[in-house]
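Only one structure is covered here, and it is reproduced in the block below.
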């Protein structure tokens, strides 16, 4: 968080740390309560007497009785609430950015939710899709081990990228001259010739129609980082090649950065963009119905 010179002159370092801690506590408490209310699990053992003690509105009580979850799902939801009530790390996405995806999840869940990137907010995303399939794709094996140690119920796969941020401009210039990258016959599995294609992914990724795709990884803030070019291109291909009916909702974080902005405009298309909230872009893409060699 940036501070002004006036702020710096009025608060001591200890006061700043205390204020930051209070803000984080408010965010975490609010997010925890939001998660519980959203999922309607105020009647689970963790909140066994919450209705009588706190007088939650009839709306919340009605929402909590709309469906039932398996014992395993309830345990995971309870674990998520405890995690976010006690964890000091604030998610990188803002509350407003998270809400954009949550609004779609509320309408689609249980659904198929694919997420590029694994982090401290991953347990939240999985818990917001109870009964659905939530799969995380991450490039750092040690990071996967660290996150899964605290959240063993998450489903995560390690994948490899062939790109670097420093190559982003050249890859974008070259792709129109590579038939294997063309929207007309774009494919991912085994597509070694198109460097933007994620050609070696778990079979589940290729075989599934994904209702939501969130791109919040891999890292892309220095030249040697893999960047999100392949993730954005591959998400566009998955959405266009969708076998079932309906649209694929694609969310891209950090659309204010040069590479993310350029690649979303090229492959996800401005015409498909529903909104940008903060640094999160939301796109709705229908299956391709023509043989246009271009994505947009």
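Of note:
- Which listed residue, of 213, 219, is within 22 Å of residue 253 (Cβ to Cβ), buried (at least 16 other Cβ atoms within 10 Å of the Cβ) and in the same structural domain as residue 252 (by TED's automatic domain parsing): 213
- Residue ID - surrounded by the most Cβ atoms within 10 Å (Cβ to Cβ), chosen from residues in region 190-202 that are under 21 Å from residue 249 (Cα atoms) and free of Cβ contacts under 8 Å to residues at least 40 places away in the same chain: 196
- Note on region 133-152: among residues that are closer than 16 Å to residue 214 by Cβ and at pLDDT 95 or above, the one that is surrounded by the most Cβ atoms within 10 Å (Cβ to Cβ) is 136.
- Options 289, 231: the member that is under 26 Å from residue 177 (Cα atoms) and at pLDDT 95 or above: 231
- Residue 181 meets the conditions (1) under 21 Å from residue 285 (Cβ atoms); (2) within 21 Å of the chain's Cα centre (by Cα) in every case but one. The failed one is (2).
- Residue under evaluation residue 271, criteria (1) in contact (Cβ under 8 Å) with a residue 24 or more places away in the chain; (2) over 24 Å from residue 171 (Cβ atoms), criterion not met: (2)
- Answer from 276, 232 - the residue that is free of Cβ contacts under 8 Å to residues at least 24 places away in the same chain and either part of a helix (DSSP H, G or I) or within 25 Å of residue 107 (Cβ to Cβ) (or both): 276
- Of all the listed residues (256, 216), the sole one being out of contact with any strand residue (DSSP E or B) (no Cβ under 8 Å at 6 or more places or on another chain) and closer than 19 Å to residue 117 by Cβ is 256.
The values are calculated or read from the model by the stated rules, or taken from the named source; none is laboratory data. As the structure is a prediction and not an experimental result, all values here were calculated from the model. Please note: Cβ atoms are built from the backbone with ideal geometry, for glycine as well, and neighbour counts cover all protein chains shown.
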